[in-house]
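Chemist: Just dropping this structure here.
Every number here is computed from the coordinates shown, using simple stated rules; none is lab data. Owing to the predicted nature of the structure, the values given are computational and were not obtained by experimental measurement. A quick note on method: Cβ atoms are made from the backbone with ideal geometry, for glycine too, and the neighbour counts reach across all protein chains shown.
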Amino acid sequence: MSKIYLTTAIPYVNGAPHIGHAMDYLLADVYARYQRGKGNEVRFQAGTDEHGNKIAKKAEELGVDIKSYVDDNSKRFQDFIKKLGISTTDFIRTTDADHIRRCQEIWKKLESHIYKDSYEGWYCEGCERYITDKEYEENGGICPDHNKPYEKLSEENYYFRISDFKDQIREAITNKQMEILPEFRAKEILNLLDDSPDVSISRPVSQLKWGIPVPGDDSQVMYVWLDALSNYITILGYPDQDISDYWPASAQYVGKDILRFHAIIWPAMLLGLGLSLPKVIPSHGHVLSNGQKMSKSIGNVVDPMEVLDTKGLPAFRYFFLRHVDTFADSDFTWEKYDSAYNGELANDLGNLVQRLANLCKKQDLPGRKFEPARDAEYDKLMDSFYFSRAFDYVWSRVQSLNKEIDEKKPWELNKLEEKHDELVTILNSLVDKLLIVAYLLEPFIPDTATAIRDIFTADQILPPAAPLFPKN
Ligand code: MSP
């Protein structure tokens, strides 16, 4: 049995969870369930990123106290994770006292790679990062992700000497000791790495109050990314506790927009602390709405709660894990959602369960005993982290089962007494195959997998009282 540690990006709490936030959780959950299914022990972190001006300003705008604002929003993320059926084991908030203290310890341990300097340049508060002059020019002075002009900052800050670690990071990415997925993103990071300047890791208190104080210097507060990235190890107890059972992480889930922080600054921090690098950093694409980035001004923001409430959790997980490509940007539209539900979940799977259970009931068949067995093709796809393809593969097995029923026409054998034994053999074999399919579906749509298993392993096979996916 191995110990597996999975992490997800911790969202800023300056608003409610949106549909994009679901992607880190869902993908990591698939891997967690897959690994548990193989008998491994999984520790699975999620959390909220609660410091920084962006959040402080939002609370101020709303006229509410910052602490109660972040408490409320963090709670919304915790509820969201529960509603999505995510099997996390740990939840961290960057305002937790333990995190704050451990983060300051981390700073002290990195001190030989930190120096103070003055800076004048451009900053994007949405990204919470400094922009190079080259990017400033390329983007015409406006952040393409946040649609806001960059701000000119002139301040004295602490810097982290990324250059101390560039060679080691480059080598780890190139030889896949720290694997970046999808592969083309590894190349992007290697290019960025060459040009990466040292990063500023503090802000003067006059500019940023809502943050972790720099140890030994009351005039400075830690840069929010240094604080946020540390969460992945402070939650394990670092540096108070030995974290070697779970570190290095098996996979650290991030969206493509924040890969650079995880593939450059974070490894530099780890190397500075003398810790190993994560094994894999899978970076997923973005969910678009009607072909465009979701934005309040365009008015195309999709509310995840509405999607969940419309057709329930299995439909939600099904769509975002299969029709949203694991690594590329993918589009959400209500038409696509409805058609995946009606055409695939209800027709392909729901009808299959109903049909087969009815045929078994007519023969009074008892449920079958299920013995899980590994499937090499499935394992290969799951191990490559390309879950939407693994899901496609499972679905092809659902479709083959439908085809097999159509070809064998058990309802015709049902009419002939002398064919009874042959009919029972066919039905039992179909049930065994469906139980394997349910087992392979478990990481993706666990509630449906359990429902199918319950039906076909019961003392007597009976169709569900209501269809698994009622058409609407
Ligand atoms: N607070 C930082 C992460 C710190 S991790 C040490 C942050 N927060 S965020 O709220 O902006 O984003 C959280 C996650 O949601 C990221 O992985 C991001 O890529 C993901 N997504 C945000 N919008 C998204 C889509 N539209 N689609 C898919 N994922 C997206 O960045």
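Chemist: Select from region 332-360 the residues that are touching a strand residue (DSSP E or B) at 6+ places or on another chain (Cβ under 8 Å) and not polar (S, T, N, Q) and list them in ascending order.
Modeler: Result: 332, single match.
Chemist: Can I ask one more? Do we have residue 210 as over 17 Å from residue 95 (Cβ atoms), within 16 Å of the ligand (Cβ to nearest atom) and not polar (S, T, N, Q) here?
Modeler: Spelling it out, it is not the case that residue 210 is over 17 Å from residue 95 (Cβ atoms), within 16 Å of the ligand (Cβ to nearest atom) and not polar (S, T, N, Q).
Chemist: Tally up the residues in region 1-47 that are in a helix (DSSP H, G or I), of a type in the set (Gly, Ala, Ser) and buried (at least 23 other Cβ atoms within 10 Å of the Cβ), please.
Modeler: Of the residues in region 1-47, 3 are in a helix (DSSP H, G or I), of a type in the set (Gly, Ala, Ser) and buried (at least 23 other Cβ atoms within 10 Å of the Cβ).
Chemist: What are the residues in region 249-258 that are part of a loop (DSSP other than H, G, I, E, B) and within 16 Å of the ligand (Cβ to nearest atom), if any?
Modeler: 249
Chemist: Moving on. Across region 97-155, which residue is surrounded by the fewest Cβ atoms within 10 Å (Cβ to Cβ) among those that are of a type in the set (Asp, Glu) and in contact with a helix residue (DSSP H, G or I) (Cβ under 6 Å, 6 or more places away or on another chain)?
Modeler: It comes out as 125.
Chemist: Please report, ordered by residue number, the helices (runs of 4 or more DSSP H) entirely within region 326-440 with at least 1 residues that are within 30 Å of residue 40 (Cβ to Cβ) and in contact (Cβ under 8 Å) with a residue 24 or more places away in the chain.
Modeler: Result: 351-362, 376-383, 387-408.
Chemist: Given the residues 275, 270, which is the only one that is of a type in the set (A, V, I, L, M, F, W, C), assigned to a helix (DSSP H, G or I) and within 30 Å of residue 165 (Cα to Cα)?
Modeler: From the options 275, 270, the qualifying one is 270.
Chemist: Do you know which residues across region 278-307 are of a type in the set (A, V, I, L, M) and part of a loop (DSSP other than H, G, I, E, B)?
Modeler: Result: 294, 298, 301, 302.
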